[in-house]
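First the structure, in the form of structure tokens, and then the observations on it.
The values are calculated or read from the model by the stated rules, or taken from the named source; none is laboratory data. All values derive from a computational prediction rather than experimental measurement. Don't worry about glycine lacking a Cβ; one is built from the backbone with ideal geometry, like all the others, and counts go over all protein chains shown.
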Amino acid sequence: MDLIEKESSEELLQAQARVWNHILCFINSMSLRCAVQLSIPDIVHNHHQPITLSELAEKLAIPKTKTACLFRLMRLLVHSGFFAIRNEGYVLTPSSRLLLKDNTMSVLPFLKSMLDPILVTPWHSMSALFQGNGLTPFEVTHGRNFWDYAAEDIELNKNFNEAMASDTRLVMNVVVTESKGVFEGLSSLVDVGGGIGTTAKSIAETFPTMKCNENLTYIAGDMFESIPPRQWILNDWNDKQCIKILKRCKEAISNGEKGGNLRKVIIVDMVVDDQKVDHKFIETQLFFDMLMMTSYNGRERTEKEWEKLFLESGFSHYKITPILGLRSLIELYP
């Protein structure tokens, strides 16, 4: 009681609201998922003008008794910035345009993958992380790690690959437009752990004379053991695994083509706590860090943590360019 009495009424109510917001913030995710499942962004887009609530309800073919529920759903999504009101009708915003099925930069596959119950359920076992058994919440929930699970679950594996590809298309569109110079002087490139090759395809289309490991070659193998001598995901792995991958990359570029050709490793990843990153991105980076910890036994890293990995892997120096919103462009030199 004494603790409560030390707070003013306003502070107490604000504290309660903050706690409630954290407790209920999952409603944002589930409401957005609902809107996507109903194809609301596409319906609004295809209407070609502001769509009224009644018109939207008619397009959705829902019972009239559910119109009030639809209004409440849209009210939240307008507040969250996914839709806007114009001339008493709903219109898309930049965020909801990224959820259109036909948008080449669509993040729809990412939403579908990350909000799959298989990935959401482990969050209920998050406290297991701190109980000393060495298992991630995903392993506690499903009895195996994510990669083993995905290897046997065709649908999960397909959704995850599509999610990574959709994210890559958006980011690489920015990279090859805003940071084209980072690839100049390179005669060949390997996309390590490149999934279905979306990154390499983007680069190959922009630099047709570059050999991107008809100009694209898919090579099966284990990136922990060897990498062909010619971007990848490091946040999915712990420090020991990352150092092993980085060492293989250094060996690959050291043993590759000589003759004065530029040799380097290029990473597109998050640098947490970077003061040059917009403050509004910090929370998203921290969310990703928790996601890596809970589902993949990986992590997002600060510049000091990245530097430690680079030096222990034998690289002489690096350059970080924070130009990709949540992520940075990192160049490593042997």
Condition met for SER106 (of a type in the set (Ser, Thr, Tyr) and crowded, with 16+ Cβ neighbours inside 10 Å): yes
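Quick test for you: out of LEU309, LEU329, LEU324, pick the one residue that is over 24 Å from GLU178 (Cα atoms) and aliphatic (A, V, I, L, M).
LEU309
Among the candidates ASP274, ASP289, ASP239, which residue alone is among the charged types (D, E, K, R) and at pLDDT below 85? Please lay out each step first, then the result.
On the way: ASP289 fails: at pLDDT below 85; ASP239 fails: at pLDDT below 85.
Selected residue: ASP274, the only one of ASP274, ASP289, ASP239 that is among the charged types (D, E, K, R) and at pLDDT below 85.
Scan region 296-306 residue by residue and report those that are within 15 Å of the chain's Cα centre (by Cα) and at pLDDT below 90. Before you say what the answer is, go through the steps one by one.
From region 296-306, those within 15 Å of the chain's Cα centre (by Cα) are 296, 298-301; that's our starting set.
If the condition is that a residue be within 15 Å of the chain's Cα centre (by Cα) and at pLDDT below 90, then TYR296, GLY298, ARG299 are the ones that fit.
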Test result for LEU311, among the aliphatic types (A, V, I, L, M) and assigned to a strand (DSSP E or B): no
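If I filter region 246-271 down to residues being assigned to a loop (DSSP other than H, G, I, E, B) and of a type in the set (Lys, Arg), which single residue comes out as modelled with the highest pLDDT? Steps first, answer last, please.
Filtering region 246-271 for residues assigned to a loop (DSSP other than H, G, I, E, B) gives 255-264, 270.
Going one step further and asking which of them are of a type in the set (Lys, Arg), we end up with 258, 263-264.
Numbers: LYS258: 51, ARG263: 80, LYS264: 83.
The selected residue is LYS264.
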Region 117-135, subset modelled with pLDDT of 90 or more and crowded, with 17+ Cβ neighbours inside 10 Å, residue nearest to SER29 (Cα to Cα): LEU119
Criterion violated by VAL140 - all others in (1) buried (at least 16 other Cβ atoms within 10 Å of the Cβ); (2) under 20 Å from HIS47 (Cα atoms); (3) not basic (Lys, Arg) satisfied: (2)
Region 82-128 - residue that is of a type in the set (D, E, K, R) and part of a helix (DSSP H, G or I) and, of those, farthest from ASP153 (Cα to Cα): ARG97
Residue count, region 38-81 (criterion: part of a helix (DSSP H, G or I), under 30 Å from the mean Cα position of the chain (by Cα) and polar (S, T, N, Q)): 1
